[in-house]
Each structure stands twice: as structure tokens, then as C-alpha cells.
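The values are calculated or read from the model by the stated rules, or taken from the named source; none is laboratory data. Since the structure is predicted, the reported quantities are computational estimates derived from the model, not experimental observations. A quick note on method: Cβ atoms are made from the backbone with ideal geometry, for glycine too, and the neighbour counts reach across all protein chains shown. Only protein heavy atoms, including side chains, enter the accessible area calculation; ligands, DNA and RNA are left aside. Shrake-Rupley method; radii C 1.70, N 1.55, O 1.52, S 1.80 Å.
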Amino acid sequence: PQQVIRARSEFTDFTASSFIPAAQQRLSLPVTRVPLDAGQAVLSAVTSMQLAGNLAAGGSMTGRGGLVDVSSPLEIILAAPGAALQPGKLVLNTTLLSSWNAESLLIGGERTLAGGSATITVRTGNLTLDNAGAPLTGKDVILAATGVITLAPGAVITQSGVPASAD
């Protein structure tokens, strides 16, 4: 049995989730994501998008949460649940976006990770946060636009938790 073998032998167990980051820090390399960490979801729309499902971006057990990017060349409206659709604009539900529990939520662009740094390509012209009564909540929320970012009266973004220090 395993317990007999372990009692009669000397083992050193290594897991990628602890060994890789420790080695990267020891060698002064950028710390990357490991197997228990969630990945990256990029949601991009050209003419329309309706988000109505769940996205599990919280990470596994002790892993880091995921990166979620939502982008479009259309104007993006971040609104409370039940907001009316607007022709030629993406209307996104802030309660739904918050429920995904992403470690980092980027609205308006797409990020590329390479060599320990992140590059954001902004795709959205204008972005409006009009979510009175339904705060956009996350550890790290990034709003990006090439034109204007508008905060409507009563708009709320709430930072909760602490993003990983590696990003």
C-alpha cells in the first residue's frame, strides 16, 4: 500500500502550482499562471451580443481567478438588469458581469499577456456606466475606450477582494 511505500522511502513531492511560481521568483522571472488558476475568456462582438449565462471565472480551490475581456467596436452600455436594448450598442448587465467572479474584468478591450506584461488593445469607441442600483463589482475592473467613458448619475463600481500581486 502507498502508506507502507512512503514509510520505507524518502519522497519529495512537487506540484506545478507551488514549484513553478517559486522557481520563477527565485530566477527573477515573471510569475505566470499555473494549473489551478482559471484561464482567460475573451468575448468579442461585431454587431450584437447578449450575455445570459454563467461564466465560472473564480479559479479552482486555491487557484487564481480568471481574466475576462469583453470588447466590441460598438458603444458599450453597462446597465442594471432589465435595461432596454439599444440599436447599434451593446447593453451589458452589470449584475451578470459581477457574478462571474473574475479576478480581472476588462470592458472595452482585449489584453495580451507576454513576457510578464500585459498589453491592452482598446476596441470600443465610447463606454457608458449607467447602472444605478446594480454596482459593477470585482477585484480588478478596467474600463477602456478610445473615445469617452461616461459615468451616469448613480453609477457605481465597487472593488472587492485583492487581485493577485503577480498581475
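By accessible area of protein heavy atoms, probe 1.4 Å, what ranking do VAL148, VAL156, VAL34 get, highest first?
From most exposed to least exposed: VAL148, VAL156, VAL34.
How many nm is it between the label spots at LEU96 and ALA41, if each spot is 7 Å from the Cα in line with the beta carbon?
1.1 nm
Report the relative contact order of segment 107-167, percent, no decimals, based on alpha-carbon pairs under 8 angstrom and at least 6 residues apart. Before the final figure, lay out each step's value.
Details: 107 pairs, mean separation 20.8, N = 61.
34 percent.
How much length is gained if the chain between ILE149 and ALA56 is pulled fully straight, taking 0.36 nm per residue apart and subtracting their Cα-Cα distance, in nm to one decimal?
30.7 nm
For a quick check: with amide H placed at 1.01 Å from N, whose amide H comes under 5 Å from THR124's, ignoring anything fewer than 5 positions away on the same chain?
SER72, THR146
Note the listed values (i) 19.8, 71; (ii) 17.1, 56; (iii) 17.6, 60, then indicate which one is Rg and Dmax of the Cα atoms in Å calculated from this particular structure.
Calculated Rg and Dmax of the Cα atoms in Å: the matching label is (i).
For LEU113 and VAL34, compute 0.36 nm times the residue count separating them, minus their Cα-Cα distance, and round to one decimal in nm.
Length gained between LEU113 and VAL34: 27.0 nm.
Any idea what the relative contact order of the chain is, in percent, if you count C-alpha pairs under 8 Å spaced at least 6 apart? Could you put the intermediate results ahead of the total?
Numbers: 365 pairs, mean separation 31.0, N = 167.
Computed over the chain, the figure is 19 percent.
Mind listing the phi-derived Karplus ³J(HN,Hα) values for segment 93-98, rounded to whole Hz, using 6.51, -1.76 and 1.60 with θ = phi - 60°, and x for any glycine or proline?
For segment 93-98, the Karplus curve yields 7, 5, 5, 5, 4, 5 Hz.
Take each of the peptides 38-50, 123-135, average the number of other beta-carbon atoms within 10 Å over its residues, and list them starting from the highest. Can you show the working numbers first?
On the way: 38-50: 13.9, 123-135: 19.1.
Peptide ranking by packing, descending: 123-135, 38-50.
How many nm separate the modelled label positions at LEU27 and ARG6, each set 7 Å beyond the Cα in the direction of the Cβ?
2.9 nm
Could you tell me the distance between the Cα centroids of segment 1-34 and segment 45-124, to the nearest Å?
Segment 1-34 and segment 45-124 have Cα centres spaced 34 Å from each other.
Relative to the longest principal Cα axis of the chain, at what angle does helix 16-26 sit, 0 to 90 degrees, rounded to 10?
Tilt relative to the chain: about 90 degrees.
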